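Notes to accompany the following structure.
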Amino acid sequence: MAQVLVSLISLAALVSQSAVEPAGLRERVLMLVKASGAEVAVAFRTLDGRHELLMDPDKVFHAASTMKLPVLIELFRQAEAGTLSLSEPLPIRNEFHSIVDGSVYQLDAGADSDRDVYKAIGGTLTLRQLAEAMITVSSNFAANLLIERLGIQNIRATVHRLGADGMQVLRGVEDGKAFEKGMNNTTSARGLLVLLETLARKNAVSPNADTEMLAILSRQTFKDAIPAGVPAGTRIAHKDGNITKIHHDAAIVYGPHPYVLVVLVRGLEEQKDSAALIAAISRDVWDAAR
């Protein structure tokens, strides 16, 4: 396993050293960012390693729902290892514990993007059903249930093994006491770039597991950011995330020359404005990658 990790990191370093920026792309993206007034990080690289653009790739942002990507990967890793089954039924209860003091908190269905998991309280859903809800409709409830089942330390270990330490997963969603103390899940654009490149190359867990994860990511229902900047019908496997003044999208775009694009945005009050900014950057990257 250690040799595999070293090989992946060495490959990423080699790709980055040989990649070049498409002419004029940085200038066009900088103009968009300046006009928006937002704080933005961008990480783009074609899967063939020929082209890339890195703008503040290691700047730290609140991860919002992008942290659900490493939860998904760890779920499939444990399934591959045989420590759990994706068809395993999990009891659905709305009770979680703060990482600050262990006190109990609950999620608010009105603040979540999905109601279906709440309808199952008192019953069960399979781990596969929870994974689908966590990614495709970004269910916070499903994410917290999976994090509790998988173990936060296991998720963190997998992120480290994949060389994506720019992603830091500390806790589940809506832990108010942790939020007040600044104990938040964080990410960098580079961290998400590494995770998605590893998935795209089928090196995250196994070819079969990675194919299934990519299919789930391709079914995400939110399409106002990176997908809005590419031609209709283009296959995209992605995970977005947003909270107050935070809006991110991280995607594998299967265009003529497939690539990974991560755009992290901080500082815009209206989600429609941040979505428009990400879509505009996505459009410029699409044109540069053709």
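Find the residue count for segment 275-290, including only residues that are farther than 11 Å from Ser36 by Cβ and outside any loop (DSSP other than H, G, I, E, B). Qualifying residue count, segment 275-290: 10. Got at least one residue in segment 43-65 being over 15 Å from Ile278 (Cα atoms), of a type in the set (A, V, I, L, M, F, W, C), at pLDDT 95 or above and part of a helix (DSSP H, G or I)? The answer is yes, given that some residue of segment 43-65 is over 15 Å from Ile278 (Cα atoms), of a type in the set (A, V, I, L, M, F, W, C), at pLDDT 95 or above and part of a helix (DSSP H, G or I).
The residue that is nearest to Ile92 (Cα to Cα), counting only those in segment 110-125 that are outside any loop (DSSP other than H, G, I, E, B) and free of Cβ contacts under 8 Å to residues at least 12 places away in the same chain, is Lys119. Note on segment 168-182: among residues that are among the aliphatic types (A, V, I, L, M) and closer than 15 Å to Leu146 by Cβ, the one that is modelled with the lowest pLDDT is Val173.
Would a scan of segment 217-231 turn up a residue that is of a type in the set (Gly, Ala, Ser), assigned to a loop (DSSP other than H, G, I, E, B) and touching a strand residue (DSSP E or B) at 6+ places or on another chain (Cβ under 8 Å)? Can you show your working first?
Within segment 217-231, the subset of a type in the set (Gly, Ala, Ser) is 218, 225, 228-229.
Okay, now just the ones that are also assigned to a loop (DSSP other than H, G, I, E, B), so 225.
Then drop every residue that is not touching a strand residue (DSSP E or B) at 6+ places or on another chain (Cβ under 8 Å), which leaves 225.
Yes, there is a match, as at least one residue in segment 217-231 is of a type in the set (Gly, Ala, Ser), assigned to a loop (DSSP other than H, G, I, E, B) and touching a strand residue (DSSP E or B) at 6+ places or on another chain (Cβ under 8 Å).
When the residues of segment 238-266 are filtered to those that are closer than 14 Å to Ala64 by Cα and outside any strand (DSSP E or B), the one that is modelled with the lowest pLDDT is Thr244.
For every residue, the table says whether it meets (1) of a type in the set (D, E, K, R); (2) farther than 30 Å from Leu268 by Cβ; (3) out of contact with any Lys or Arg (no Cβ under 8 Å at 6 or more places or on another chain).
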{"residue": "Ala43", "(1), (2), (3)": "no, no, no"}
{"residue": "Asp58", "(1), (2), (3)": "yes, no, no"}
{"residue": "Phe76", "(1), (2), (3)": "no, yes, yes"}
{"residue": "Gly102", "(1), (2), (3)": "no, yes, yes"}
{"residue": "Leu107", "(1), (2), (3)": "no, no, yes"}
{"residue": "Asp116", "(1), (2), (3)": "yes, no, yes"}
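Sort out which residues of segment 191-210 are surrounded by fewer than 24 Cβ atoms within 10 Å (Cβ to Cβ), in contact with a Lys or Arg (Cβ under 9 Å, 6 or more places away or on another chain) and among the charged types (D, E, K, R), and write them in order of number. Matches in segment 191-210: Asp210 only. Of the residues that sit in segment 73-109 and are part of a loop (DSSP other than H, G, I, E, B) and charged (D, E, K, R), which one is surrounded by the fewest Cβ atoms within 10 Å (Cβ to Cβ)? Within segment 73-109, the match that is surrounded by the fewest Cβ atoms within 10 Å (Cβ to Cβ) is Asp101. Taking (1) over 20 Å from Thr244 (Cα atoms); (2) at pLDDT below 95 in turn, Ser113 satisfies each apart from (1). Tell me, yes or no, whether segment 151-164 has at least one residue that is part of a loop (DSSP other than H, G, I, E, B), among the small types (Gly, Ala, Ser), touching a residue at least 60 places away in the same chain (Cβ under 8 Å) and within 20 Å of Phe61 (Cα to Cα). Within segment 151-164, one or more residues are part of a loop (DSSP other than H, G, I, E, B), among the small types (Gly, Ala, Ser), touching a residue at least 60 places away in the same chain (Cβ under 8 Å) and within 20 Å of Phe61 (Cα to Cα).
Residues in segment 216-240 that are under 22 Å from Ala189 (Cβ atoms), touching a residue at least 60 places away in the same chain (Cβ under 8 Å) and either out of contact with any Leu (no Cβ under 9 Å at 6 or more places or on another chain) or surrounded by fewer than 17 Cβ atoms within 10 Å (Cβ to Cβ) (or both): Gln220, Phe222, Asp240. Close contacts from segment 190-215, counting a first residue that is farther than 15 Å from Lys68 by Cα and a second that is among the acidic types (Asp, Glu) and not in a helix (DSSP H, G or I), with Cβ to Cβ under 6 Å and a gap of 6+ residues or different chains, come to Arg190/Asp58. Going by the structure shown, is Val173 among the β-branched types (Val, Ile, Thr), surrounded by 18 or more Cβ atoms within 10 Å (Cβ to Cβ) and farther than 20 Å from Ser87 by Cα? Considered against the rule, which asks whether it is among the β-branched types (Val, Ile, Thr), surrounded by 18 or more Cβ atoms within 10 Å (Cβ to Cβ) and farther than 20 Å from Ser87 by Cα, Val173 comes out as yes.
The values are calculated or read from the model by the stated rules, or taken from the named source; none is laboratory data. Owing to the predicted nature of the structure, the values given are computational and were not obtained by experimental measurement. We place every Cβ from the backbone using ideal geometry, glycine too, and count neighbours over all the protein chains shown.
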